[in-house]
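Read the structure below first, then the notes.
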Amino acid sequence: VSISTDNDLNDVLALNSTSAFAVGENGKIYHTMDSGSNWLEQDSGVIQDLNAIEFNGQTIVAGDSGTVLVNDGDSWIDNSIEGAGNLYDLSVPHFESLADSIIFVSGTGGEIWKWSDNSWEDLSNFTGTTNDIYAVDFVNENEGFAVGADGLVIATIDGGLSWEIRETPDEFRGLSFYDVIIFGYQGNPVSAIIVGENIQIHVKDGKSRLDA
C-alpha cells in the first residue's frame with residue numbers, strides 16, 4: 001500500500017499488528033491503525049528530514065539539525081538538541097517518562113548524545129572518531145554499539161563515557177556500516193549483527209567474523 005507523498009520515507013516502526021508509523025523528508029510523519037490500508041499524516045511541528053524512529057514505552061523520532069520528537073498521542077513534543085548536527089539513529093534503553101528516560105542519538109562527525117536526568121549530554125568527544133555514525137544500539141543504559149562510515153565499529157560498557165574500536169576484517173574497513181542490532185544479552189555475552197555495503201558482520205566479545 002503506497003503512502004500518497006512525494007517525500008522519501010526513511011524509516012518505519014510497527015507498534016503492533018495493526019498500528020505503525022513512517023517518517024521521512026521535510027518532517028513528514030504518517031500513522032496507520034488498520035495494517036497499512038490507510039495512512040494519515042500527523043503534524044510533526046518541524047520541517048527537518050526525519051531519519052529514524054524507535055519505540056520503548058514511547059515512540060521517539062530523530063532527524064536533521066538535532067531534531068528529536070517524542071510522541072504524545074496525536075501530537076509530538078519537540079525535545080531537539082541545540083547545536084547538534086544531523087541525527088541518523090537513536091536507541092531508547094529506558095523510558096518511563098520524558099523526565100525519567102535514557103535516549104542515545106548518533107549522527108554526523110562522530111556525534112553521540114545522551115538524554116538522561118532531563119537534559120542532553122554531548123558524548124561526541126569520547127567516541128574517538130569524526131566519522132559519521134549511522135546507527136547506535138544499546139541493550140541497557142551502559143552497553144552499546146555504534147557503527148558508521150569507513151568501517152567504523154565502536155562499543156561502550158559505561159554508557160558512552162568511553163568507546164573502544166571493534167576491529168573488522170581489513171577488506172571491509174573502507175566500507176560504510178548502516179545499521180546494528182544487539183542480541184544475546186541478559187547474562188550472556190553481548191553480540192551484534194552489523195550490516196552495510198555488501199556485507200554482514202557478526203561481532204562477539206570484541207572479535208569479528210564475516211557472515212555473508
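The values are calculated or read from the model by the stated rules, or taken from the named source; none is laboratory data. Everything quoted here is computed from the prediction, not taken from an experiment. A quick note on method: Cβ atoms are made from the backbone with ideal geometry, for glycine too, and the neighbour counts reach across all protein chains shown. For the accessible areas, the whole protein counts, side chains as well, though only heavy atoms, and no ligand, DNA or RNA atoms are used. Shrake-Rupley method; radii C 1.70, N 1.55, O 1.52, S 1.80 Å.
Given the residues 40, 15, 69, which is the only one that is surrounded by 21 or more Cβ atoms within 10 Å (Cβ to Cβ) and over 17 Å from residue 134 (Cβ atoms)?
When all the criteria are applied, what remains is 69.
Could you tell me how many of the residues in the stretch 175-190 are closer than 24 Å to residue 110 by Cβ and either assigned to a strand (DSSP E or B) or at pLDDT 85 or above (or both)?
8
Quickly run through the stretch 73-82 and pick out the residues that are part of a strand (DSSP E or B) and open to solvent by 40 Å² or more (accessible area, probe 1.4 Å).
Those that are part of a strand (DSSP E or B) and open to solvent by 40 Å² or more (accessible area, probe 1.4 Å): 75, 77, 78.
Can you tell me which residue within the stretch 67-76, out of those that are more than 18 Å from residue 51 (Cβ to Cβ) and of a type outside the set (D, E, K, R), is modelled with the highest pLDDT?
Ranking the qualifying residues of the stretch 67-76, first place goes to 75.
Which ones in the stretch 43-66 are among the small types (Gly, Ala, Ser), open to solvent by 50 Å² or more (accessible area, probe 1.4 Å) and at pLDDT 95 or above?
Answer for the stretch 43-66, where residues must be among the small types (Gly, Ala, Ser), open to solvent by 50 Å² or more (accessible area, probe 1.4 Å) and at pLDDT 95 or above: 45, 65.
Restricting to the stretch 83-137, name every residue that is open to solvent by less than 30 Å² (accessible area, probe 1.4 Å) and either at pLDDT below 95 or β-branched (Val, Ile, Thr) (or both).
92, 102, 103, 105, 112, 127, 129, 133, 136
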